[in-house]
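Asks: Okay, handing you the structure first.
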Amino acid sequence: MHNSELDDLLKGAGDTGVDGKELDFDINLNLTQQEISDRIQDRNERKKYAYRTFIFLSVFTSFILLIITAAGFSKQLNFKLEDTVLIALITSSLASVVGIFILVMRYLFR
């Protein structure tokens, strides 16, 4: 086809009787509805992962506190850890908790 034939076809196809503003409005309305449903889904996912992160960090912290408490009652429980091991346990667990918290919160609320 030559360019003139293509131009004639485009002119004929362009006259559909539908206003271009109506099409833009419908497209924008559909996009807006899609954005709303995406945000609702994102919010639900954020709630779910925030709750799971809270549970994980609570259990992890409780386990570390249990070990530290057991080390405090070492004579009664026959559980002995050196001071350097306790210091390493406390600092590494604190770094892990803070790191996981920051990583998850940055991902969820970016």
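Computed from the coordinates by the stated procedures, all read-outs in this text should not be read as laboratory data. The structure presented is a predicted model; accordingly, all values stated were derived computationally and were not measured. Quick reminder, even Gly has a Cβ in these numbers, built from the backbone with ideal geometry, and neighbours come from all protein chains shown.
Asks: Mind checking region 27-110 for chymotrypsin sites (Phe, Trp or Tyr not before Pro) that DSSP puts in a loop (not H, G, I, E or B) and that have at most 13 other Cβ atoms within 10 Å? Let's see the in-between values first.
Replies: Numbers: sites: Y49, Y51, F54, F56, F60, F63, F73, F79, F101, Y107, F109; in loops: F73, F79, F109.
Hits after loop and neighbour filter: F73, F79, F109.
Asks: Does region 40-82 come out rounded, prolate or oblate, given a ≥ b ≥ c as the square roots of the eigenvalues of its C-alpha gyration tensor, rounded meaning a/c under 1.5 and, failing that, prolate meaning a/b above b/c? Before the final figure, lay out each step's value.
Replies: Values: a/c = 8.29, a/b = 6.13, b/c = 1.35.
Note, shape of region 40-82 comes out prolate.
Asks: Step through the residues of region 78-84 one at a time and calculate ³J(HN,Hα) from phi using the Karplus curve (6.51 cos²θ - 1.76 cosθ + 1.60, θ = phi - 60°), rounding each to whole Hz and writing x for Gly and Pro.
Replies: 6, 10, 10, 10, 5, 4, 5
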